[in-house]
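The next block holds one structure in the form of structure tokens; read it before the comments.
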Amino acid sequence: MTAYVSAFELFSIGVGPSSSHTVGPMRAARDFADRLRAGGTLERVARVSCVLYGSLGATGIGHGTPDAIVAGLADLAPETVDPAAVRERWSGWQDGDTLELAGSHPVMFVRKDITFEPFTRLPGHPNAMTLSARDAAGALLASDTYYSIGGGFIRREGEDAHAHDHVYPIQYRSADTLLTLAGELGLSIAGIARLNEESRRSRAEVDAQLDAIWSAMTGCIDAGLHATGLLPGLLQVRRRAGAIREQLEGEAGTGTALPGDWLGTFALAVNEENASGGRVVTAPTNGAAGILPAVARYWAEFVCDADDPREGMREFLLTATALGSLFKANASISGAEGGCQAEVGSACAMAAGGLTAVMGGTPQQVENAAEIAMEHHLGLTCDPVGGLVQIPCIERNAIAASTAVTAARLALRGDGSHYVSLDTVVETMRQTGIDMSTKYKETSEGGLAVNVVEC
């Protein structure tokens, strides 16, 4: 069984503020409604309900989870929905209104049909939710438990987790094997990823979809750079990316502004858009969505000497995909499962590896850069203040983007040989996530979340 996950699954276009708490639950609710329709029971449904467990129950309101569930039940998909159609879908619901289940069947729905059980943790994953459908007499028609396992990926209880896996031509389960294959085949890490992608799509289709991912990423940066005002939620956090952009543009040609200033601003822009519930690309999650786009844009604007950076951007994304797949398969990309090291740490490693590749690094240097980036995020906790993906999440992406660039520079100054392997760091991250208290895994029960006054 390979670790490889397609770039078009790892980088999915969706909505903020969270891939595991917004995108995943929306997909689960939509899948539940689709299953009711496919099973022929949709027309008999009179009520639907949902119970949110563990981290979904603890921080779901701040992450917009109930809004996403109502949107998914109504057959809205995160890839195509207008983000404005998701906001306040539940929080602004008028009890007594009818919900168009699966987009076509009206059922009665009240806000209390979604309940929260933050102290109940199901064994399958900390992010769990159970959806149920009943007929007019109250008899149970269907009930399914879903796990939102990070990055917008979901798993339904009882379903074979690998039932729909594609068999890729180049299989690897470790970074060591990936490097061996690169040497034997005479390919870059991006080249291996490309061959896997082209086993499912033509080269033209792969390129077009990679370009679409980058277009969505850079579009998110631009949106954030030109937005002002306060982010939603109790904290009333003020957007900063737009104001910093104006400062940097005003300093152009003076020598005061440095490329690194733009790097952090790009990351802030993405995560402010994410926090507002805007259009964002999982990279590999929403909470860490600013790091990779910021580093890629930094390379495109300040380092790349090609007239058209698209070919390099494809290499960047494919390299990051091959690396990100290792974190997802062998550890976790879920903050609720592994803490913020699983999200920001993984994203930083992916960005460092991608940057090293487009700057001419060997596969060994790419692996080294990813290892450096991940090693220095080990133990990082996920403690969002107020259950919102704002403090410390937004600034943390900017800092991690800088770390990714530093990791790439260090790796490029060496020959790829180093003491600690990427595989060792991934396993260490997995073990650290297991040992970490649940207070520090996206529950807002510890760390900054309990030491910062929210109002």
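Okay, here's what the table says:
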{"item": "Leading residue by the ranking (surrounded by the fewest Cβ atoms within 10 Å (Cβ to Cβ)) among those in the stretch 419-442 that are in a loop (DSSP other than H, G, I, E, B) and modelled with pLDDT of 95 or more", "result": "Tyr419"}
{"item": "Qualifying residues in the stretch 203-238 (those that are in a helix (DSSP H, G or I) and among the hydroxyl-bearing types (Ser, Thr, Tyr)) - the one nearest to Gly264 (Cα to Cα)", "result": "Thr218"}
{"item": "Output for the stretch 288-301, where each listed residue is crowded, with 24+ Cβ neighbours inside 10 Å and assigned to a helix (DSSP H, G or I)", "result": "Ile291, Leu292, Pro293, Ala294, Val295, Ala296, Arg297, Tyr298"}
{"item": "Candidates Leu187, Leu248, Leu181 - the one that is closer than 30 Å to Asp423 by Cα and in a helix (DSSP H, G or I)", "result": "Leu181"}
{"item": "Tabulated pairs, the stretch 431-448, first touching a residue at least 60 places away in the same chain (Cβ under 8 Å), second acidic (Asp, Glu) and not in a helix (DSSP H, G or I), C-beta under 7 angstrom, 6+ apart or interchain", "result": "Tyr440/Asp383; Ser444/Asp383; Gly446/Asp383; Gly447/Asp383; Leu448/Asp383"}
{"item": "When residues of the stretch 234-273 are limited to those that are more than 21 Å from the chain's Cα centre (by Cα) and of a type in the set (S, T, N, Q), the one modelled with the lowest pLDDT", "result": "Thr256"}
{"item": "Verdict on Ile13 being among the aliphatic types (A, V, I, L, M), under 16 Å from the mean Cα position of the chain (by Cα) and surrounded by fewer than 24 Cβ atoms within 10 Å (Cβ to Cβ)", "result": "yes"}
{"item": "Those residues of the stretch 120-146 which are without any contact (Cβ under 8 Å) to a residue 12 or more places away in the chain and either within 26 Å of Ala289 (Cα to Cα) or not small (Gly, Ala, Ser) (or both), in sequence order", "result": "Pro123, Leu140"}
{"item": "Breaking point among (1) assigned by TED's automatic domain parsing to the domain that holds Ser49; (2) within 30 Å of Ser199 (Cβ to Cβ), for Asp165", "result": "(1)"}
{"item": "Residue satisfying all of: in the stretch 274-313; acidic (Asp, Glu) and closer than 17 Å to Ser215 by Cβ; farthest from the chain's Cα centre (by Cα) among these", "result": "Asp308"}
{"item": "Gln341 vs. criteria free of Cβ contacts under 8 Å to residues at least 60 places away in the same chain, buried (at least 24 other Cβ atoms within 10 Å of the Cβ) and not β-branched (Val, Ile, Thr)", "result": "no"}
{"item": "Residue check, Gly103 in contact with a Pro (Cβ under 7 Å, 6 or more places away or on another chain) and outside the structural domain of Cys220 (by TED's automatic domain parsing)", "result": "no"}
{"item": "Any helices (runs of 4 or more DSSP H) falling wholly within the stretch 1-102 and containing at least 3 residues that are touching a residue at least 12 places away in the same chain (Cβ under 8 Å) and either of a type in the set (Ser, Thr, Tyr) or touching a Phe, Trp or Tyr at 6+ places or on another chain (Cβ under 9 Å) (or both)", "result": "24-38, 54-63, 65-73"}
{"item": "Output for the stretch 110-129, where each listed residue is part of a strand (DSSP E or B) and over 22 Å from the mean Cα position of the chain (by Cα)", "result": "Ile114, Thr115, Phe116, Glu117"}
{"item": "Per-region count, the stretch 43-60, residues charged (D, E, K, R) and either in contact with a His (Cβ under 8 Å, 6 or more places away or on another chain) or surrounded by 23 or more Cβ atoms within 10 Å (Cβ to Cβ) (or both)", "result": "1"}
{"item": "Matching residues, the stretch 83-102, being closer than 19 Å to His63 by Cβ and either within 22 Å of the chain's Cα centre (by Cα) or of a type in the set (Asp, Glu) (or both)", "result": "Pro83, Ala84, Ala85, Val86, Arg87, Glu88, Arg89"}
{"item": "Matching entry among Cys348, Cys304 (being part of a loop (DSSP other than H, G, I, E, B) and more than 16 Å from Ser12 (Cα to Cα))", "result": "Cys304"}
{"item": "Selected residue (only one of Thr356, Thr285 is in the same structural domain as Thr180 (by TED's automatic domain parsing), crowded, with 24+ Cβ neighbours inside 10 Å, in a loop (DSSP other than H, G, I, E, B) and hydroxyl-bearing (Ser, Thr, Tyr))", "result": "Thr285"}
{"item": "Top-ranked residue in the stretch 393-418 [being of a type in the set (S, T, N, Q) and in a helix (DSSP H, G or I); ranked as surrounded by the most Cβ atoms within 10 Å (Cβ to Cβ)]", "result": "Asn397"}
{"item": "Single unsatisfied condition, Asp97 versus (1) at pLDDT 95 or above; (2) over 28 Å from Lys441 (Cβ atoms)", "result": "(1)"}
{"item": "Criterion violated by Gly387 - all others in (1) more than 30 Å from Gly62 (Cβ to Cβ); (2) at pLDDT below 95 satisfied", "result": "(1)"}
{"item": "Residue list for the stretch 359-392, restricted to those being among the acidic types (Asp, Glu) and surrounded by 24 or more Cβ atoms within 10 Å (Cβ to Cβ)", "result": "Glu367, Glu371, Asp383"}
{"item": "Lone qualifier among Ile213, Ile149 - being assigned by TED's automatic domain parsing to the domain that holds Gly92, in contact (Cβ under 8 Å) with a residue 40 or more places away in the chain and either within 22 Å of the chain's Cα centre (by Cα) or more than 25 Å from Arg314 (Cβ to Cβ) (or both)", "result": "Ile149"}
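The values are calculated or read from the model by the stated rules, or taken from the named source; none is laboratory data. Here the structure is a predicted model, which is why all the values come from computation and not from measurement. Ideal geometry is used to build each Cβ from the backbone, glycine not excepted, and the neighbour counts take in all protein chains shown.
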